[in-house]
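Peer 1: Dumping the structure here so I can ask a few things about it.
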Ligand code: PLP
């Protein structure tokens with residue numbers, strides 16, 4: 001059986017359009033900061049990509065800072081905008097956000113469906129004084145969508161800045177900067193290359209840079225821009241959004257429940273990304289499930305895959321109130337090019353895995 005790749009939230013397969021755009025730009029010799037014709041040609045590619053990406057999210061090109069990915073975009077926003085402010089972060093944030101926020105940050109609780117607890121946010125904002133709130137638009141493990149508009153309204157009422165980690169949204173659901181102050185993006189989660197991302201800013205906001213040097217990115221991020229990767233980022237973003245992923249995902253959810261009613265689907269009662277489901281098989285360690293599925297040709301992950309191959313209990317599920325089950329969840333995340341037979345192939349492999357593990 002050919003391999004079935006269902007780990008798109010770790011990274012999406014590259015879009016052919018992105019690969020083609022990168023190959024073309026790799027052949028350009030110039031540095032976008034050089035003044036000669038070659039440099040100006042490279043600058044044109046950079047600025048066109050900047051404008052195109054910013055426009056997709058309702059922002060201006062001059063308010064977009066290219067970074068090395070989502071991790072750096074989150075760090076630039078959180079470290080660069082939080083001077084004199086208390087940092088409040090969602091308990092289910094990605095480690096990139098938790099690490100940038102640091103141990104002094106206050107954790108915002110989530111409800112049992114994984115969405116941010118708005119009463120908890122309001123209480124924290126009242127107590128905090130000047131604050132910066134950092135939350136994700138969509139969770140990478142469960143796919144749950146936070147109520148971003150209500151969060152933004154509360155932040156505005158209390159004069160707090162709002163940073164959104166939107167790394168998992170583009171290419172799956174329409175999204176824009178809207179009432180937020182900043183937004184982190186990562187190209188490899190939307191069919192572009194790994195190692196490039198962006199921070200979008202509300203006009204007038206100027207984060208203190210993490211990297212200084214040659215004054216690139218209007219002094220907000222030193223270092224020669226990764227031009228081929230940036231071209232691939234813009235090309236991937238211009239691809240049409242895949243259709244029908246929610247139908248395939250729902251067929252997986254229903255199939256698994258029919259085979260094993262004891263399975264718990266995390267956040268299934270809340271709005272979720274159309275491509276993501278988190279399946280808890282009580283009593284079977286996530287790592288065992290991932291390895292068994294991998295041996296049958298199916299790639300999924302245990303919670304977040306972003307921690308260099310480590311598999312441990314999901315802090316996301318723990319924050320939602322799960323106990324031992326938090327160590328028994330696999331994340332199935334469908335890529336943009338998932339075929340119509342994905343549910344059938346996955347369910348066959350999943351049932352084989354379950355019967356084998358049960359027989360041990
Ligand atoms: N934020 C979220 C929600 C993510 O899922 C990830 C990657 O898994 C990141 C941030 C980090 O992005 P990058 O891999 O581009 O550094």
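Peer 1: For the stretch 32-58 and the stretch 196-218, what is the separation of their Cα centres, given in Å?
Peer 2: So the two Cα centres are separated by 15 Å.
Peer 1: Relative to the longest principal Cα axis of the chain, at what angle does helix 70-81 sit, 0 to 90 degrees, rounded to 10?
Peer 2: Rounded to the nearest ten degrees, it is 60.
Peer 1: What do you get for the angle between helix 37-56 and the principal long axis of the chain? Use alpha-carbon atoms, 0 to 90 degrees, nearest ten.
Peer 2: Helix 37-56 sits roughly 50 degrees off the main axis of the chain.
Peer 1: For 14, 136, what's the fewest-to-most ordering of other Cβ within 10 Å of each Cβ?
Peer 2: In order of increasing Cβ crowding within 10 Å: 14, 136.
Peer 1: Which of rounded, prolate or oblate describes the stretch 1-129 when judged by the alpha-carbon gyration tensor and an a/c cut-off of 1.5?
Peer 2: Cα axes put the stretch 1-129 in the oblate bin.
Peer 1: I would also like to ask the following. What fraction, in whole percent, of alpha-carbon pairs in the stretch 68-165 exceed 20 Å separation?
Peer 2: For the stretch 68-165, the share of Cα pairs beyond 20 Å comes to 28 percent.
Peer 1: Grab the DSSP H runs of the chain that are 4 residues or longer, score each as -39,500 (n - 2.57), total them, divide by all residues and round the 222 nm result to the nearest 500 deg cm²/dmol.
Peer 2: It comes out at -11000 deg cm²/dmol, rounded to the nearest 500.
Peer 1: Could you give log10 I(q)/I(0) at q = 0.21, 0.22, 0.30 Å⁻¹ for the stretch 58-118, computed by the Debye formula over C-alpha point scatterers of equal weight, without solvent?
Peer 2: Values returned for q = 0.21, 0.22, 0.30 Å⁻¹ are -0.90, -0.95, -1.19.
Peer 1: At R0 = 41 Å, how high is the FRET efficiency between residue 318 and residue 344 if r is their beta carbon distance? Nearest 0.05 is fine.
Peer 2: Here the calculated transfer efficiency is 0.80.
Peer 1: Here's a follow-up. Run the numbers on the chain and let me know its relative contact order in percent, using alpha-carbon pairs under 8 Å that are six or more apart.
Peer 2: Relative contact order of the chain: 23 percent.
Peer 1: Return the tail of the calculated pair distribution for the stretch 230-360, meaning the percent of Cα-Cα pairs more than 20 Å apart.
Peer 2: Beyond 20 Å sits 47 percent of the P(r) for the stretch 230-360.
Peer 1: Cα gyration tensor of the chain, axes a ≥ b ≥ c as square roots of the eigenvalues: rounded (a/c below 1.5), prolate (a/b > b/c) or oblate?
Peer 2: Judged from the Cα gyration tensor, the chain comes out oblate (a/c at least 1.5, b/c at or above a/b).
Peer 1: Now a separate question. Among 158-167, 313-322, 114-123, what's the highest-first ranking by average C-beta atoms within 10 angstrom per residue?
Peer 2: The peptides rank, most packed first, as 158-167, 313-322, 114-123.
Peer 1: For a protection proxy built on the mean count of beta-carbon atoms within 10 angstrom, sort 347-360, 81-94 highest first, please.
Peer 2: Peptide ranking by packing, descending: 81-94, 347-360.
Peer 1: Compute the helix-to-body angle for 227-237: its Cα long axis versus the longest principal axis of the chain, expressed 0 to 90° and rounded to tens.
Peer 2: The two axes meet at around 50 degrees.
Peer 1: Tally the DSSP beta bridges in the chain and give the antiparallel ones as a percent, rounded to 5.
Peer 2: Expressed as a percentage, antiparallel bridges in the chain total about 55.
Peer 1: Another question about this same structure. From Cα pairs below 8 angstrom and at least 6 apart in sequence, can you work out the relative contact order of the stretch 91-143, rounded to a whole percent?
Peer 2: Here the relative contact order equals 39 percent.
Peer 1: A further question on this structure: Does the stretch 154-234 come out rounded, prolate or oblate, given a ≥ b ≥ c as the square roots of the eigenvalues of its C-alpha gyration tensor, rounded meaning a/c under 1.5 and, failing that, prolate meaning a/b above b/c?
Peer 2: oblate
Peer 1: Restricting to Cα pairs below 8 Å that are 6+ residues apart, what does the relative contact order work out to for the stretch 49-182? Please round to a whole percent.
Peer 2: 23 percent
Where a number appears in this text, it was derived from the coordinates with a stated rule and is not lab data. Computed from a predicted model, the values in this text were never measured in an experiment. Here Cβ is always computed from backbone atoms with ideal geometry, including for glycine, and neighbour counts include all displayed protein chains.
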